[in-house]
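The values are calculated or read from the model by the stated rules, or taken from the named source; none is laboratory data. Since we're looking at a predicted model, the values are computed, not measured. Here the Cβ is made from the backbone with ideal geometry for all residues, glycine too, and neighbour counts use every protein chain on show.
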Amino acid sequence: LEKGPQANYLQDWVLGGIDGAVTTFAIVAGVAGAELSTGIILILGLANLLADGFSMAAGNYSGVKAERDDYERLRQMEIRHIAVTPEGEREEVRQIFASKGFEGEDLERAVDIISECHERWVQVMLEEEHWAARIERSPLKAGAVTFAAFFVCGAVPLLPFLVGGAANALLTATIMTGAVFFGIGALKSKWSTAPWQKSAFETFAIGMIAAGVAYGVGALLKGLVGA
């Protein structure tokens, strides 16, 4: 209780892993569908791992930083309100705790306890009035975890082509990537009330549909690149 809730970056790993596996395998399937060379598959796949992975990490970094900036904006606003109109802020505290069932002397005592400590007062207003989260995740860590997950999971579809470009490389990549989708989906169930099996098969289906669409587009358009 003294430590309070800790920042968690598992969701960044799950999101980065899903996106990395889906986008890289979509590229692999699309290029393979166009019957292009293994070299092109590796070039485009590696380019996606680095460029798209960095883009997603940068986007997550900016998003987390925006959340922290907004939290600080609300905090400064409450500090100003308490300094300028303390009685008005006390009344807000009174209304908040009255809605929780406090009344009479208990209500006034709660208001006094909250407002006698400036930092506690500000924190109560942030949580109760604005529903602002207390956990402050690091934008840098969130971005780094996203990129790492994107790269690790996104590299899986390329592995069969890196070891020699065998004729059955696409089939092997499909099986390996499907396993990644399944594993990520099972992990994702930690943030859901759904059974892990359902979450795993749902993520597996989404990933395979995306890959199938990419392969089909590549097959239909292969004539445009002279394949």
**Prompt:** Considering only segment 150-209, how many residues are surrounded by fewer than 21 Cβ atoms within 10 Å (Cβ to Cβ) and touching a Pro at 6+ places or on another chain (Cβ under 6 Å)?
**Reply:** 1
**Prompt:** Looking at (1) of a type in the set (S, T, N, Q); (2) in contact with a helix residue (DSSP H, G or I) (Cβ under 7 Å, 6 or more places away or on another chain); (3) without any contact (Cβ under 8 Å) to a residue 40 or more places away in the chain, which is the one condition that is false for Thr85?
**Reply:** (2)
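Test of understanding: among Val14, Val64, Val31, which residue is in contact (Cβ under 8 Å) with a residue 60 or more places away in the chain and under 20 Å from Val180 (Cα atoms)? Don't jump to the end; show me each part of the working.
Numbers: Val64 fails: under 20 Å from Val180 (Cα atoms); Val31 fails: under 20 Å from Val180 (Cα atoms).
Result: Val14 is the single residue among Val14, Val64, Val31 that is in contact (Cβ under 8 Å) with a residue 60 or more places away in the chain and under 20 Å from Val180 (Cα atoms).
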**Item:** Qualifying position, being of a type in the set (D, E, K, R) and under 32 Å from the mean Cα position of the chain (by Cα), among Glu67, Glu92
**Value:** Glu67
**Fill in**
By residue number, the members of segment 30-47 that are crowded, with 22+ Cβ neighbours inside 10 Å and at pLDDT 80 or above are Ile41, Gly45
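Consider Arg73 carefully, then state whether it is closer than 21 Å to Lys3 by Cα and within 32 Å of the chain's Cα centre (by Cα). Quick ask: steps written out before the conclusion?
Numbers: closer than 21 Å to Lys3 by Cα: no; within 32 Å of the chain's Cα centre (by Cα): yes.
No; evaluated as a whole, the condition is false for this residue.
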